[in-house]
Amino acid sequence: MDEFKKIILRIASILLITFLPCAVLLLVYFYTAPKIAEYADTKEKRAVMDIFNIPYRIKETRFLGFTFKSYDKKDIKEVFKKNITVEEPSAATWEIQPPSAQTAAEKPKNKKRLFKYVKEGKLQGIGFVESKIGYGYNKSSVMSLFICLEPDMETLKGIEVLDHSETPGLGGRITEDQFKKQFAGKKLRPNITVVRGKKAVGANEVDAITGATNTSRGIESFINDAMKEFWEGQGEIKW
């Protein structure tokens, strides 16, 4: 009987040790999941409005000589809703996901959310979020870009990096304004070319990131593939 009690106690101990960490992780997930989703949504809205130069409220706090910036989430939502038209994919089976969760396998071909900005009756541009895995940078994670086009649909208005896992100081420099601003005004046909070893001078050329060849090539393929897919799906766009 004593031996049986020992076995029961051991089983109970194992179950308790296993259950507690799982319960804690589950609680953390339910607490953080909505916050992560809200952060991703706010980040996406900011990226769209930044490309179109639509102002929104930014709070600045000074502490011990440092300036900290925070964003008014409510204002961002209101300004975005007032200025940006979002056209959802027609495929009812596709559940829209935040950039960090969406993969190429989960996204139907040619079906994208389109972000359009119309000012004084004139289309200022149209953009979409693209998420892909691979291409020579971190092949185990998703990279997401907001790609924005001029009304001619063949000229880049700009790009914003929403999500990436590149090496800080190297590939991670894709988030720097110096790199991103190169793309504004560049021609997308026949394709975007990232130049290595010389200065970019062509209408469709941008300079590569020094020391981050794989990431630079990845961005080049990323944008060209995304635009090919976008143009193929233009029949789905309603103007």
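Every test in (1) assigned to a loop (DSSP other than H, G, I, E, B); (2) loosely packed, with under 12 Cβ neighbours inside 10 Å; (3) at pLDDT 80 or above is passed by Ile54 save one, and that test is (2).
Put simply, of Ser165, Ser221 the only residue that is modelled with pLDDT under 85, among the polar types (S, T, N, Q) and out of contact with any Lys or Arg (no Cβ under 6 Å at 6 or more places or on another chain) is Ser165. The residues of the range 14-28 that are of a type outside the set (A, V, I, L, M, F, W, C) and surrounded by fewer than 10 Cβ atoms within 10 Å (Cβ to Cβ) amount to a single one, Pro21. Just one residue in the set Ala212, Ala208 is small (Gly, Ala, Ser), buried (at least 19 other Cβ atoms within 10 Å of the Cβ), in contact (Cβ under 8 Å) with a residue 40 or more places away in the chain and out of contact with any Pro (no Cβ under 7 Å at 6 or more places or on another chain); that residue is Ala212.
Screening Ile76, Ile174, Ile126 for residues that are modelled with pLDDT of 85 or more, under 21 Å from Arg46 (Cα atoms), part of a strand (DSSP E or B) and β-branched (Val, Ile, Thr) leaves exactly one candidate, Ile126. Residues that are crowded, with 16+ Cβ neighbours inside 10 Å and β-branched (Val, Ile, Thr) were ranked within the range 59-89; the one that is nearest to Phe128 (Cα to Cα) is Ile84. Whether any residue in the range 219-230 is over 16 Å from the mean Cα position of the chain (by Cα) and not in a helix (DSSP H, G or I) is what I want to check. No, the conditions are met nowhere in the range 219-230.
For the range 1-59, name all the residues that are closer than 30 Å to Lys82 by Cβ, over 19 Å from the mean Cα position of the chain (by Cα) and charged (D, E, K, R). If the condition is that a residue be closer than 30 Å to Lys82 by Cβ, over 19 Å from the mean Cα position of the chain (by Cα) and charged (D, E, K, R), then Arg57, Lys59 are the ones that fit.
The values are calculated or read from the model by the stated rules, or taken from the named source; none is laboratory data. Predicted model only: the values in this text are computed from it and were never measured. No Cβ is skipped: glycine too gets one built from the backbone with ideal geometry, and neighbour counts run over all protein chains shown.
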